[in-house]
Amino acid sequence: MEENKVAVSDAALREGAEEGMDAFLQVFIDGYLKVTGGEINAETMPLLNGWQHTLLGYHFFRQEVSDGGFVQLVQNGYGPYIFDNPFAKAMRLMGAKDFSKLVYKAKEIYDANRKDLERECTEDEFMAMYERYEAFDDLEDAFIENEEEITEQIARYVDEHLEDFARIES
């Protein structure tokens, strides 16, 4: 396996774990954002491995869907990162099976309406998308309802497979 380009300190991991699952995962996310400069593009994609992209994808997914739903996720440019990559499959492998199914359902809506969802639009047009894509509403509600459990499943997986997510330094 190629050398892991992301390093996190053992002390930071311990501190994050003591604070809780969100802080624990944030230690990794911060490392990924530092390595990529916060940008996901053709230049930065190779800097992370598949598991790291999955965790970073979850970070963006959680942030965007919690704040403004799937419409915001796509309008902010994360549609391809989530739906054109094996994100849903990786979530299933991490133990978040119901969440994986939710992502696949959202992908169906995204794929069927991709051109419209990704187009440049005014603030009014953006707001109108929420009415046009009410099909996302139940999926958003299900995610918000189960977000804590999903995050815990992911944190548990990361904790059991640390070497896939970062190089731990003392």
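The values are calculated or read from the model by the stated rules, or taken from the named source; none is laboratory data. Computed from a predicted structure; not experimentally measured. As a convention, Cβ positions derive from the backbone with ideal geometry for all residues, glycine included, and neighbour counts pool all protein chains shown. Please note that ligands, DNA and RNA were not included when accessible areas were found on the heavy atoms of the full protein model with its side chains. Shrake-Rupley method; radii C 1.70, N 1.55, O 1.52, S 1.80 Å.
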Heavy-atom accessible area per residue - the chain, 1.4 Å, Å²: 55 Å²
Residues Met45 and Glu120, FRET efficiency given R0 of 35 Å [Cβ-Cβ distance, rounded to 0.05]: 0.90
For the chain, size of Cβ-based charge dipole, Lys and Arg +1, Asp and Glu -1, in debye: 700 debye
Relative packing of 42-55, 98-111, which averages over residues the other C-beta atoms within 10 Å, highest first: 98-111, 42-55
Whole-number D in µm²/s for segment 88-136 (Stokes-Einstein; Kirkwood sum over Cα pairs; 20 °C, 1.002 mPa s): 177 µm²/s
Among Met129, Ala155, Gly95 - extreme Cα towards positive end, dipole of segment 85-165, charges at beta-carbon: Gly95
Spatial separation of Cα centroids for segment 127-146 and segment 60-103, in angstrom: 13 Å
Apportionment of accessible area to carbon and sulfur, segment 4-79, percent (1.4 Å): 48 percent
Dipole in debye (nearest 20) - segment 84-170, about Cα centre, beta carbon charges: Lys, Arg +1; Asp, Glu -1: 600 debye
Leu93 versus Ala135: modelled label distance in nm, points set 7 Å from Cα along the beta carbon direction: 2.8 nm
Over the chain: helical MRE at 222 nm, DSSP H runs n ≥ 4 each giving -39500 (n - 2.57), nearest 500: -23500 deg cm²/dmol
Dipole of segment 1-121 [Lys/Arg +1, Asp/Glu -1 at C-beta], most positive-end residue of Leu56, Met21, Gly69: Gly69
Matching label, Cα extents along the principal axes in Å computed from the structure shown, candidates (i) 56, 34, 26; (ii) 55, 33, 30; (iii) 51, 34, 26: (iii)
Computed FRET value (nearest 0.05) for Asp164 with Ser66, which takes r as the C-beta separation and R₀ as 30 Å: 0.75
Relative contact order of segment 19-170, defined on C-alpha pairs under 8 angstrom at six or more residues apart (%): 28 percent
